[in-house]
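Peer 1: Just dropping this structure here.
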Amino acid sequence: MSRNRVLSVLSAFAFVLVAFPATAFAGTSEDVVRPPGPSCADPIYTTPAVLDANGYNQSVRLGDGSNELPVTLAIPGQTFEAGAVSLDEVITWDSHIDRETNTDQLNERVVIDFLLNGAVVGTSDASPDLADGVDSAWEISNLGVVNLPDGADAVNLRHVAGTTQINSVVVTSVCVTFVAVATCEDGTAEGPNGCEQAPDCEETPDAEGCPQEPDCDVDPDAEGCPEPPATCEDGSVEGPDGCDQAPEPDPNPNPPLAITGAYSDLLAAGGMIFVLTGALVTLVANRRED
């Protein structure tokens, strides 16, 4: 069977392998073959997988900066409003004759940058490195979600450089899902509870919806006010054992009888003991004996 025939058969087989989409899928071949096509109907980027008659790759490739291959490649015509972009499917691929016997290339990976006014505002996860030791290798990867609070006006493919090898890689397609940020009437972004957001009670404690301290003097029964003490029938406050309280013991049950008067008036009370206090006498105790 001719090499071209083998190329056609293996290419068809590769497409069958991705009939069931997956989060990540690695494919390899001992022959020079093209990768699977995108599974989405409207990818934001595609480029032809071009192999010449001699098995050399003539596709648009990225490199790590060690040769003439570009490190960055713009995806034209891509702008995004504020929201989130899910990089659902990114297909990376490398294939050429004698790749199987070449020195291993350990950094055939890319990321996707989102820019606004020339500055990068979001970057995807990196794609996995392509397998070595085979003539053809590809990865079908989900590169995560990139949040764009203010949107983006440009998108770039970028090689994950940093080695001294060529690490050439082709990004054949990029499929994304975009979710816009829902906004409220005042132009602010919806929060977890929609546009009806709870006020910042630390900053504005009197705002509607913030818990307020009750005025217990005006409304003692309001929630948060202390319970009034229980009272007994006589109006006294209940004690630890309720209203059936033992009377408090008299601390001085037999106080001395103190009677004061002029000495001449008290002298007639015979049989008593008096204490003379200047011009007055005090009756201390009754000492009468019958």
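A short reminder: the numbers here are calculations on the coordinates, not readings from a lab. Fair warning: this is a prediction, and the values are worked out from it, not measured in the lab. Methodologically, a virtual Cβ is constructed for each residue, glycine included, from the backbone with ideal geometry; neighbour enumeration extends over all protein chains shown.
Peer 1: Placing unit charges on C-beta atoms (Lys and Arg positive, Asp and Glu negative, everything else neutral), compute the dipole magnitude of the range 47-169 about its Cα centre in debye, rounded to 20.
Peer 2: 240
Peer 1: Something else now. When averaged across all projection directions, what area in nm² does the alpha-carbon convex hull of the range 65-152 cover?
Peer 2: 6.6
Peer 1: Based only on other Cβ atoms within 10 Å, what is the fewest-to-most ordering of Ser66, Ser141?
Peer 2: Ser66, Ser141
Peer 1: Students often check this: by mean Cβ neighbours within 10 Å, which of 154-162, 46-54 ranks highest, and how do the rest follow?
Peer 2: The peptides rank, most packed first, as 154-162, 46-54.
Peer 1: Are there any chymotrypsin sites (Phe, Trp or Tyr not before Pro) in the range 52-119 that are in a DSSP loop and have at most 16 other Cβ atoms within 10 Å? List them by number.
Peer 2: Here the sparse-neighbourhood loop sites are Tyr56.
Peer 1: If I take all pairs of Cα atoms in the range 3-180, what percentage of them are more than 29 Å from each other? If you can, show how the numbers build up before the last one.
Peer 2: Numbers: 3009 of 15753 pairs.
Counting pairs separated by more than 29 Å, the tail of P(r) holds 19 percent.
Peer 1: How do the peptides 211-221, 121-131 rank, highest first, by the average count of neighbouring beta carbon atoms within 10 Å per residue?
Peer 2: So the peptides 211-221, 121-131, ranked by packing, come out 121-131, 211-221.
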